[in-house]
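K.L.:
Please find one structure pasted underneath; my questions will follow.
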There are 2 protein chains.
Amino acid sequence: MKGPNKMRFLHTADWHIGRRLHGFDLTDEQEDAFRQIERIALAHQVDGVIIAGDLYDRGMPAESAVAQLNQMIQKLNLDDHLPIYAVSGNHDSAIRLATGTPWFKSTHFYLHTQLAQAFEPIELADTQLFLLPYFEPFDAQQYFEDDTIQHLDQAFVKVVAKMKTLFDPAKKHVLVAHFFVAGSAVTDSETQLKVGGLAAVPEKLLHDFDYVALGHLHGKDALHADHARYSGSPVKFSLSEANQKKGVFIVDTDPFNLTFVPLTPLRDVKRLTESFATLMDDSFYGTIKRDDFIGITLTDRQPIPNVLARLRAIYPNIISLDRLHGYDSQVFAGGESGAQIRQKNPMDLLSGFYQQIAKDELTTQQRKWAQAALKIARKEGQQS
Amino acid sequence: MKGPNKMRFLHTADWHIGRRLHGFDLTDEQEDAFRQIERIALAHQVDGVIIAGDLYDRGMPAESAVAQLNQMIQKLNLDDHLPIYAVSGNHDSAIRLATGTPWFKSTHFYLHTQLAQAFEPIELADTQLFLLPYFEPFDAQQYFEDDTIQHLDQAFVKVVAKMKTLFDPAKKHVLVAHFFVAGSAVTDSETQLKVGGLAAVPEKLLHDFDYVALGHLHGKDALHADHARYSGSPVKFSLSEANQKKGVFIVDTDPFNLTFVPLTPLRDVKRLTESFATLMDDSFYGTIKRDDFIGITLTDRQPIPNVLARLRAIYPNIISLDRLHGYDSQVFAGGESGAQIRQKNPMDLLSGFYQQIAKDELTTQQRKWAQAALKIARKEGQQS
């Protein structure tokens, strides 16, 4: 239980509305995760929902993505009367996202998209909430009129110093930000615009805040600072996130308390490392959720005809297929000598090669093209 | 003077923010026209600004266009406290434009983007304002659950019939809409998605309203119905609009009165039909605004070397260049016989031809390419 006048927030980030997973539409997954977040916010009677950047997956989102995010925000803020505290992330277009923001405040929906707005804290009963949107060092140069600011870490020093001049000592201080904090763990699905410490925020700069609600990295365990966390994304966006537990944080300001509330994926992302025979065995696949998004790593070494199509008949949402032992080893592991290979029919050689590389059989059309090409090659060989 | 409780609107449309004119940026023209509209609205103490569709030039406007329109709307509505009554046009993305609309009402900014919203009239002191966004017959099919609606005229009959059921007889009835009304005059710069009467609204369907504030056509004189007008665009968007007078209507509801208030273009669009010698004569160009967007029609018949570059030195914003007497007549009007032409050097023939067609000289690189091609052609001619 939180005390009177004490604040409780739900901290989420990186919704990436409009994102696809290896060509698969994630609309349903994102919608389902949203509904869980909404239920959690209401059940925990939070005083507001923090969304720490990357609301959209891209600066120019598709109409369907715009319609989906608009609906989510309206549901939370207008129907459920939940305050929203949000910032733009590096995937968002700050300019597009700013549309309507002056009106949103009337229903306690705060969406900051410009650096200057970071210094207009939202004043709540016991908390000052600083909403710092994603920015580039150039923006900080302009804002502080200081062209010695070349890197993010330099900019962040000035940003935090300025925020501290605004601190009300009677209140808690919460920062919402969308950056890479030095020392955090990275997965495949986060865009790392720059590599190295200059583009990272030193963790010690976050120590002045009672809590820092971070966005940018997609795993809740990316950073384990005392009072600074990435909430992670509500949905898994790559196979590298397969082992992450997705969810949201419930943050109590006083006494400080952090509770992770997990989300249940509609279709999960997972990796299966098995032999083809096991994967095709109903005593195996009968026990698992076959319509999850699955990355398959085959333990087999030998060629398997038409492997992807056969696996897809069982697992409709395969997002990747590779071999544990690679292909090179396998091509030469068959034990065929050069002499044996040279005796083979060229068409057989080609289809074997295609099978091993493309993990699929030649189509009838491809076979025709190959045969026509071989015919021409043979003719030219006879002429010379 | 309008009476107490009587309404006065400013009617504008077709802002097309983000539009370019033959490659030239119109940001400054649109900004300047906007400031004039704002001044007119304040000077005439209007009760609201009607924007009858095509706020943007395209469904996916550039960030700069988004920033510009957002600023204009905020200026009118939040700074000047002017109500805004707007609909989406065929150039707008209804879905994108809908972002934030539920919040906008709190400051009397009404922006309707869906057909269903046309039947939620804005109730003002003496007026019901129906905001009908641009829609496709398919939308009407869905809304009325009637798949016999195949064409716009059929849809419009049902739309107006439904609106009339909502009429408060004690009030005036004003419709804001973005369509092609049958019999209107069209210029080059309006997108005519369909041709023919089926895609047009019969004018008699507008008779039930005290005023119909139309958008879509860019000239204020496109339609001369008693109580239905296109305001036209605030800025000229093509040479075909050169002779249009741009402005806005001030509409009084009771007693009904319509006043056209012209806008002064920052840089006008105009056509000059003159000889090259006249155009290059400072006693001519010294008397006109040379930095206007100018379409030049030359009355000359003879080739003029480097004509575009020479004209641009005087007129920096040339948006088109053609010849009053065309090129065909000119090519053969020189009096050269076929025999004379055949005696000419092929390179001279080519550069003369290019000069007449492209209105420019061959560049050094083009000349090199042509010479190389002629060399090959000559070789091949010798071989055969």
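K.L.:
With springs only between Cα atoms under 10 Å apart, run a GNM on chain A and tell me which of A:Ala177, A:Ala52, A:Ala200 wobbles the most.
P.N.:
Checking each option, the largest mean-square fluctuation is seen for A:Ala200.
K.L.:
Below 11 angstrom from the Cβ of B:His173, what's the summed charge of the other residues (Lys, Arg +1; Asp, Glu -1)?
P.N.:
Result for the local shell: -1.
K.L.:
Go through the range B:102-174 and name the chymotrypsin sites (Phe, Trp or Tyr not before Pro) that are in a DSSP coil and have 15 or fewer other Cβ atoms within 10 Å of their Cβ.
P.N.:
B:Phe167
K.L.:
Across the range A:269-379, how many lysine pairs separated by 8 or more positions, or lying on different chains, have Cα atoms within less than 30 Å?
P.N.:
10
K.L.:
What is chain B's relative contact order, in percent, from Cα pairs under 8 angstrom and six or more apart in sequence?
P.N.:
Relative contact order for chain B comes out at 15 percent.
K.L.:
Further, regarding this structure: With Cβ to Cβ distances under 10 Å as the rule, what net charge do the other residues near A:Leu82 carry (K, R +1; D, E -1)?
P.N.:
Net charge around A:Leu82: -3.
K.L.:
Neighbour counts of other C-beta atoms within 10 Å: give me B:Tyr315, A:Tyr230 arranged from fewest to most.
P.N.:
Listed from fewest to most nearby Cβ atoms, that is B:Tyr315, A:Tyr230.
K.L.:
By DSSP, what percent of the beta bridges with both residues in the protein assembly as shown are antiparallel, rounded to the nearest 5?
P.N.:
If I count the DSSP bridges inside the protein assembly as shown, around 30 percent turn out antiparallel.
K.L.:
Tell me the net charge near A:Trp15. Cut-off is 12 Å between Cβ atoms, A:Trp15 excluded, with +1 for each Lys or Arg and -1 for each Asp or Glu.
P.N.:
Computed value for this residue: -4.
K.L.:
Here's another thing I want to ask about it. So which DSSP H runs in chain B come out at 15 Å plus along the axis (Cα) with average Kyte-Doolittle of at least -0.5?
P.N.:
B:63-74, B:152-165, B:346-358
K.L.:
Continuing with the same structure: Go ahead and estimate [θ] at 222 nm for chain A from helices alone: -39,500 (n - 2.57) per DSSP H run with n ≥ 4, summed, over the residue count, rounded to 500.
P.N.:
Calculated mean residue ellipticity at 222 nm is -9000 deg cm²/dmol.
K.L.:
Right, here's the next one. Out of B:Gly183, B:Gly326, B:Gly286, any idea which swings most in a Gaussian network model of chain B, alpha carbons joined below 10 Å?
P.N.:
It is B:Gly286.
K.L.:
What residue of chain A sits with its beta carbon nearest the rotation axis taking A to B, and at what distance in whole Å?
P.N.:
Here the value is A:Gly100, 1.
K.L.:
Moving to a separate point now. On the first, second and third principal axes, largest extent first, how far apart are the outermost C-alpha atoms of the range B:8-262 in Å?
P.N.:
Rounded to whole Å, the extents work out to 45, 39, 34 Å.
K.L.:
In addition: Points 7 angstrom from Cα along the Cβ direction at B:Ser275 and A:Ala277: gap in nanometres?
P.N.:
That separation, rounded to one decimal, is 9.7 nm.
K.L.:
Hey, what did the range B:1-68 get for relative contact order, percent, Cα under 8 Å, at least 6 apart?
P.N.:
Across the range B:1-68, relative contact order equals 51 percent.
A short reminder: the numbers here are calculations on the coordinates, not readings from a lab. Predicted model, so just to flag it, every value in this text is computed and none were measured. Don't worry about glycine lacking a Cβ; one is built from the backbone with ideal geometry, like all the others, and counts go over all protein chains shown.
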